[in-house]
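Everything below concerns the one structure shown next.
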Amino acid sequence: MNDLSPYGRYRDDTAVLAAIGARVEAQTARVTVRLPQELADAAVAAWERDERQAPDRETPERHRLRDHAAELALIGLAISERGRREGGAVLVDLDIAAAGAAVRAAQ
């Protein structure tokens, strides 16, 4: 049975987007980025932060903020594990999803 509703089409679109994502990931699993030292340090600090308190009831905006903080922490983990200093910067190979999350947060 074909679901012709907008959400049925969105579900089909999501499947196509996922298939494109699988192809992109296979071609660009990691991307090397250069970050200023202070941004790299802030990302590592986010990774090292102890977040044991469960969040309060979240609005969509608070959920988005927490999601961005989690993405930053994962970038901090990558920097901790694979980052290398070069001058006043840090080079790190980021998973394409983490790099994309950072770009989306900047938009």
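The table that follows gives values for the structure above.
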| item | result |
| --- | --- |
| Within segment 11-107, helices (runs of 4 or more DSSP H) holding 3 or more residues that are in contact with a Leu (Cβ under 7 Å, 6 or more places away or on another chain) and at negative phi | 37-48 |
| Test: residue in segment 80-95 that is within 21 Å of residue 106 (Cβ to Cβ) and free of Cβ contacts under 8 Å to residues at least 12 places away in the same chain | no |
| Test: residue 82 is under 14 Å from the mean Cα position of the chain (by Cα) and among the basic types (Lys, Arg) | no |
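Listed here are the residues, each with its yes/no results for (1) closer than 12 Å to residue 32 by Cα; (2) touching an Asp or Glu at 6+ places or on another chain (Cβ under 8 Å); (3) surrounded by 10 or more Cβ atoms within 10 Å (Cβ to Cβ).
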site	(1), (2), (3)
57	no, no, no
61	no, no, no
66	no, yes, yes
72	no, no, yes
95	yes, no, yes
102	no, yes, yes
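Only the coordinates and a few stated rules stand behind these numbers; no lab work does. From a predicted model like this one, the values you see are computed outputs, not experimental measurements. Backbone-built Cβ (ideal geometry, glycine too); neighbour counts: all protein chains shown.
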